[in-house]
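J.: Below: one structure in structure tokens.
The values are calculated or read from the model by the stated rules, or taken from the named source; none is laboratory data. On a predicted model such as this, the values are computed, not experimentally measured, just so you know. No Cβ is skipped: glycine too gets one built from the backbone with ideal geometry, and neighbour counts run over all protein chains shown.
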Amino acid sequence: MSLVTPTETAPHRVVTLPRKRRIPLAVAAGLGWLALMVICAVFADLIRPYDITQMDLSARLSPPGTPGHWLGTDELGRDVLSRLFQSVRVSLVIAFGATIISAVFGTTLGFLAAQFRGIIEHLVVMLADFQAALPFLIMSLAVLAFFGSSMILLVGLMGFYGWERYARIARGLAISAGAQGYAAAVVQLGATPRRVYLNHILPNVASTLIVSMTLTFPEIILMESGLSFLGLGVQPPDTSLGNMVGFGREYLTTAPWIMLGPAVVIMFTTLSISLVGDWLRDKLDPTIR
Amino acid sequence: MSFLLEADDLVRVYTGRGGLLGKAQPVRAVDGVSLRLGRGETLGIVGESGSGKSTLGRMLLGVDPAQGGTVRFDGRPMPARNTTEWRALRARMQMVFQDPLAALDRRLTIAAQIREPLDIHRIGTEASRATRVTELMHAVGLRPDQAKRFPHELSGGQRQRVVIARALATKADMLVCDEPVSALDVSIQAQVVNLLRMLQKQTGLSMVFISHDLKVVRNLCDRVAVMYLGRIVEEGPSEHLFANPRHPYTQALVSSVPEPGRRLDGRVILQGEPPNPAKRPPGCAFHPRCLRATDICRSGIPALQPLGTDRTAACHLVAGETRAEVA
């Protein structure tokens, strides 16, 4: 091994590292995929080649690549690609809607608990424990079986999924920020609780909440899939990703493309959400820029 | 002369946990403290850890509610915590914290943070607030290009300057500095202390300076109160008190300050355990460590007695000496 003299290497080391401003490839791919999904969801009516209920019994179970049916057809001869577009729309509405409801609801309750302490805190913590102890799927089944399934009810119900996590995180972080540190300092400056929570505590805990959201989002897609699979989620002939996987299961050996399409979409969407969420969290934190 | 701040008989009791099955033990962090702070005066509060000096500082600001006693600011009683009046009063009394990094929001630029009190109290217009921030940054010795920096990008001393600038933004009348320099390097300490002194001279604000560093207090303060286990044991003008401490605890404190060129022989070394506020000894709280303790110290709590015109001390022996001198 030859010794490298410092004088030889020194000029190369002086070169300052350029600050990483470029978006990592995986994150760019994730953002691209999510954009594609949103476009699919918004323009589903325009871009799908067939109506989702249009049957073509002469072309049942045709494999992917068949001219006119690029992702094949299902057991009733319905175009898988068209149904996939519709599924993406339904599933995204449910997952986004529910994630936002659950994050807003949970964070609000957590902040209320941290601000008022005492009886309100006890109540919130008790509710969170209750929610965590309850098998959510069973409760959803009961509610849906009782009221009948509708899109609004489904979104509202899924919105209660995972709120206790946000509530606990928000409460814990708000209390620790308030006991000593920036929140106490801002209170001491004369700020109203509204200002303290919205301008200071929320931006500071947002990174943790965003990570929690990226975890909840795929869980809600899967939960909806489970409910649809059990027949209480999205009702046929309407379709969702989970619903398609559920009904495609019967043809797994003979026509796997019916369920593989939506399964791949679920996988890539949840993966993209995770990657983008992670990146966003780092991006929002000035200390690790 | 009317006082800016008058505190009478302040009491703060914390309820500690006594282990898994133990009884909750009340801790009297601040136990009957009365203080006066004149306009433009700097009052030092010194004492060991756990002597209740930080709690007292927070009570003087009304941040920590007093369980007993009253605080009057500018002749008016302190409004209840978290009320509109209380918040409005924050514009006139501010705090400088021990750990500047914890006291700053790491997601906001320092210009935004210095500006915050102006936004909160709706002082001035957009443009005048921006000018005021530039002015404050200049006053505390921060460079204009640092306005867009985040707290973690600054050094400890610079962060403390940001905290001081923020505290001064509303032109407060009173500043409570809770160990503002103890987290800083010695060289930076001097800069911050000089900055505080200069700002006080310029703006004429009153200051309560809490510290365990006697050198700093002696350097900066007009008057000093020495605390031991939640009570003031001696109070007086800083020069007199340090030159001629009367209470045995103050004597021990003063002799503990190393001075270059002085031999260490004559030092009063305190014996015994450091004070535990949960287990307050009967009588004079200091008697288990006091070299001169007598029977009366073990039974009776000494009250603050005037020594001459401007000093007080809470010690049976000192009170006896004074009486003997007078007789």
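J.: Looking at the stretch B:38-61, which of its residues are over 23 Å from B:VAL254 (Cβ atoms) and either buried (at least 21 other Cβ atoms within 10 Å of the Cβ) or within 14 Å of the chain's Cα centre (by Cα) (or both)?
T.: Kept after step one, since they are over 23 Å from B:VAL254 (Cβ atoms), are these residues of the stretch B:38-61: B:38-40, B:55, B:58-61.
Those that are over 23 Å from B:VAL254 (Cβ atoms) and either buried (at least 21 other Cβ atoms within 10 Å of the Cβ) or within 14 Å of the chain's Cα centre (by Cα) (or both): B:THR55, B:ARG58, B:MET59, B:LEU60, B:LEU61.
J.: Could you grab me the full set of residues in the stretch A:167-183 that are more than 15 Å from A:ASN199 (Cα to Cα), of a type outside the set (Ser, Thr, Tyr) and within 13 Å of chain B (Cβ to nearest Cβ)?
T.: Across the stretch A:167-183, the qualifying residues are A:ALA179, A:GLN180.
J.: Related question: Output yes when any residue across the stretch B:171-188 is among the small types (Gly, Ala, Ser), surrounded by 17 or more Cβ atoms within 10 Å (Cβ to Cβ), assigned to a helix (DSSP H, G or I) and touching a Leu at 6+ places or on another chain (Cβ under 7 Å), and no when none is.
T.: no
J.: When you go through A:PHE160, A:PHE146, A:PHE111 one by one, which is the residue that is at pLDDT below 90 and buried (at least 16 other Cβ atoms within 10 Å of the Cβ)? Before you say what the answer is, go through the steps one by one.
T.: On the way: A:PHE146 fails: buried (at least 16 other Cβ atoms within 10 Å of the Cβ); A:PHE111 fails: at pLDDT below 90.
It is A:PHE160.
J.: Something else: Restricting to the stretch A:44-80, and then to whatever is among the aliphatic types (A, V, I, L, M) and in contact with a strand residue (DSSP E or B) (Cβ under 7 Å, 6 or more places away or on another chain), can you tell me which residue is surrounded by the most Cβ atoms within 10 Å (Cβ to Cβ)? Talk me through it step by step, then tell me what you get.
T.: Of the stretch A:44-80, the ones among the aliphatic types (A, V, I, L, M) are A:44, A:46-47, A:52, A:55, A:57, A:59, A:61, A:71, A:76, A:80.
Next, only the ones that are in contact with a strand residue (DSSP E or B) (Cβ under 7 Å, 6 or more places away or on another chain) stay: A:59, A:61, A:80.
Details: A:ALA59: 15, A:LEU61: 15, A:VAL80: 26.
Per the criteria, the residue is A:VAL80.
J.: Same structure again: Which residues, counting only those in the stretch A:174-208, are surrounded by fewer than 20 Cβ atoms within 10 Å (Cβ to Cβ) and aliphatic (A, V, I, L, M)?
T.: A:ILE175, A:ALA179, A:ALA184, A:LEU198, A:LEU202, A:ALA206
J.: Somewhere in the stretch A:133-141, is a residue hydroxyl-bearing (Ser, Thr, Tyr), surrounded by 15 or more Cβ atoms within 10 Å (Cβ to Cβ) and either in contact (Cβ under 8 Å) with a residue 60 or more places away in the chain or under 30 Å from A:ILE52 (Cα atoms) (or both)? Working first, answer last.
T.: Taking the stretch A:133-141 and keeping what is hydroxyl-bearing (Ser, Thr, Tyr), we get A:140.
Those still in the list that are surrounded by 15 or more Cβ atoms within 10 Å (Cβ to Cβ) too: A:140.
Of the ones still in play, those that are also either in contact (Cβ under 8 Å) with a residue 60 or more places away in the chain or under 30 Å from A:ILE52 (Cα atoms) (or both) are A:140.
So far as the stretch A:133-141 goes, yes, one or more of its residues are hydroxyl-bearing (Ser, Thr, Tyr), surrounded by 15 or more Cβ atoms within 10 Å (Cβ to Cβ) and either in contact (Cβ under 8 Å) with a residue 60 or more places away in the chain or under 30 Å from A:ILE52 (Cα atoms) (or both).
J.: While we're looking at this one, here's another question. Could you tell me which numbered condition A:ILE258 fails, if it satisfies all but one of (1) surrounded by fewer than 20 Cβ atoms within 10 Å (Cβ to Cβ); (2) over 28 Å from A:PRO135 (Cα atoms)?
T.: Among (1) surrounded by fewer than 20 Cβ atoms within 10 Å (Cβ to Cβ); (2) over 28 Å from A:PRO135 (Cα atoms), A:ILE258 violates only (1).
J.: Looking only at the stretch B:157-199, which residues are of a type in the set (Gly, Ala, Ser) and within 14 Å of another protein chain (Cβ to nearest Cβ)? Spell out the reasoning first.
T.: Residues of the stretch B:157-199 of a type in the set (Gly, Ala, Ser): B:157, B:165, B:167, B:169, B:172, B:182-183, B:187, B:190.
Correct list: B:ALA165, B:ALA167, B:ALA169, B:ALA172, B:ALA183.
J.: Restricting attention to helices (runs of 4 or more DSSP H) lying wholly within the stretch B:67-156, give those where 2 or more residues are within 10 Å of another protein chain (Cβ to nearest Cβ).
T.: So the answer is B:84-89, B:100-103, B:110-120.
J.: For A:GLY162, only one of the following conditions fails: (1) out of contact with any helix residue (DSSP H, G or I) (no Cβ under 6 Å at 6 or more places or on another chain); (2) on the phi > 0 side of the Ramachandran plot. What is its number?
T.: (1)
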